[in-house]
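Quick notes on the structure that follows.
Read-outs throughout are calculated quantities, based only on the coordinates presented, and are distinct from any laboratory measurement. Please read all numbers here as calculations on a predicted model, not as lab measurements. Please note: Cβ atoms are built from the backbone with ideal geometry, for glycine as well, and neighbour counts cover all protein chains shown.
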Amino acid sequence: MKHLLLSLCTVSVLLLCSCAREYIPYEVLQVSKFDKLYTSYTLWYVDPMEMTNENVQQGSIIPFGTEARITFMNENKVCFEAQGKKFQINIADKSLETVHAFVIRTFSKKKADELAGDSSAADFEKMRRGVISEGMTEQQVLTAYGRPSITRSPQLANDTWIYQVGPVKSRRVIFRQTSKDKPRQVSRIFEL
């Protein structure tokens with residue numbers, strides 16, 4: 001009987017320890033629970049319940065600046081509602097980015113026009129469709145595409161950012177510095 005009780009206690013502790021800790025989104029984002037949240041960049045998905053933090057550019061999009069409500073988050077996933085649908089983003093490789101860092105860069109109190117900054121009307125429309133073009137700034141690319149693949153572009157200071165557009169297909173965005181007082185701009189975009 002003593003061994004059975006000890007075994008049950010051990011199993012219970014292991015089960016409790018293996019459960020991912022749930023986080024309170026507004027505490028992670030340091031906002032009021034009454035504040036509206038928006039997507040900070042365009043999110044892509046094929047299956048709304050099987051999105052990843054790598055943001056592979058395939059399928060449908062949720063444009064940046066779309067109102068979103070986070071319904072659940074733990075270290076393995078972030079669940080939210082937007083555009084009248086439910087979405088789940090699975091945090092693929094927790095060693096490269098914590099769920100906290102991911103949520104802070106993915107959701108914001110800023111609306112689309114604030115996120116786009118001083119973009120022209122034409123660039124704003126391109127960015128809302130998840131499209132970039134030569135001459136756009138780094139910030140415009142981050143708003144339209146999100147952060148490039150952490151595994152393939154670990155440093156944003158690099159001149160080339162690599163985005164996944166499919167299982168084996170990627171898109172390279174190459175930047176150039178035009179002058180010291182201006183941000184880097186896209187000089188070339190190509191797919192591999």
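Here are some notes:
- Estimated FRET transfer efficiency when R0 is 41 angstrom, pair LYS85-ILE162 (beta carbons, to 0.05): 0.90
- When the chain is described by a simple charge dipole with +1 on each Lys and Arg Cβ and -1 on each Asp and Glu Cβ, the residue from ILE104, ILE162, GLN58 located farthest towards its positive end is ILE162.
- The GluC sites (Glu not before Pro) found in segment 77-169 that occupy coil by DSSP, while having at most 14 further C-beta atoms within 10 Å, are GLU134.
- Cα coordinate range in the chain, projected on the principal axes (Å, largest first): 76, 38, 32
- Within the chain, helix-based [θ] at 222 nm, where runs of 4 or more DSSP H residues each add -39,500 (n - 2.57), nearest 500: -7500 deg cm²/dmol
- Pairs exceeding a 19 Å alpha-carbon distance, out of LYS126/LYS180; LYS36/LYS111; LYS36/LYS85; LYS33/LYS111; LYS36/LYS110: LYS126/LYS180.
- Dipole in debye (nearest 20) - segment 106-187, about Cα centre, beta carbon charges: Lys, Arg +1; Asp, Glu -1: 300
- With the convex hull drawn around the C-alpha atoms of segment 32-101, the volume per residue stands at 90 Å³.
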